[in-house]
């Protein structure tokens, strides 16, 4: 029995993983905004912490709470993401996709390191799009103040998460193994913010999408038996070489510096 923290765990793959770990006897802590869904998880014996993960301040508050209440964390699974057809700026002045999909994962990964390092075999699983080569960090405009699009925002945050895995493995000196995992097209996620036409297209395409249970199965394996290497990249069922251009250590170091600057 261990402690598993799941960000973005109130629906889709995150919810499926949370319920699955609870059934296995783990103490599961879910971070998310939807209180109604959180209450349903709490009824299953899961600890729910309401938090807006697009807020840097709320991420820091929840990290402090977790470190106090759960001095040992065995696994951290990162799912939080939401597509935004139009550019949204948070109350802290950050582009919301970048803040939610990337910055929250950066903060939780590095912030929970003390609790992870007390576990016998700690692991972080970052569920994003490793293996995808499209998109990249806009180094001079990471907040996408010009030429914003939902696809560009998603791709930038996805490539930033690739580099986060490299940066964590290089910089953190943590005992936690870091796994970058791309589940492929999965019947998961909240499509309600999307335009009606796009929702319809995705609904039609979901017939060929991977079931949530199949997409989550490898994550259970990562948690049960963490890889030996500090960093592992998996695209669906394929292990990727860390020499991929999207996992460039120089760019990872550049992103770590940029992130520290953005966070003040």
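The values are calculated or read from the model by the stated rules, or taken from the named source; none is laboratory data. Just so we're clear, the structure is a prediction, and the values are computed from it rather than from any experiment. Cβ coordinates were reconstructed from backbone atoms using ideal geometry, including for glycine residues, and neighbour counts include every protein chain displayed.
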Can you go through 218, 183, 193 and tell me which one is over 23 Å from residue 103 (Cβ atoms) and either within 19 Å of the chain's Cα centre (by Cα) or modelled with pLDDT under 95 (or both)?
218
Can you tell me how many residues within the range 220-264 are within 26 Å of residue 56 (Cβ to Cβ), free of Cβ contacts under 8 Å to residues at least 60 places away in the same chain and in a loop (DSSP other than H, G, I, E, B)?
1
When the residues of the range 1-10 are filtered to those that are surrounded by fewer than 24 Cβ atoms within 10 Å (Cβ to Cβ) and at pLDDT 95 or above, which remaining residue is farthest from the chain's Cα centre (by Cα)?
2
Counting just the residues of the range 19-37 that are surrounded by 21 or more Cβ atoms within 10 Å (Cβ to Cβ) and more than 14 Å from the chain's Cα centre (by Cα), which one comes out farthest from residue 106 (Cα to Cα)?
21
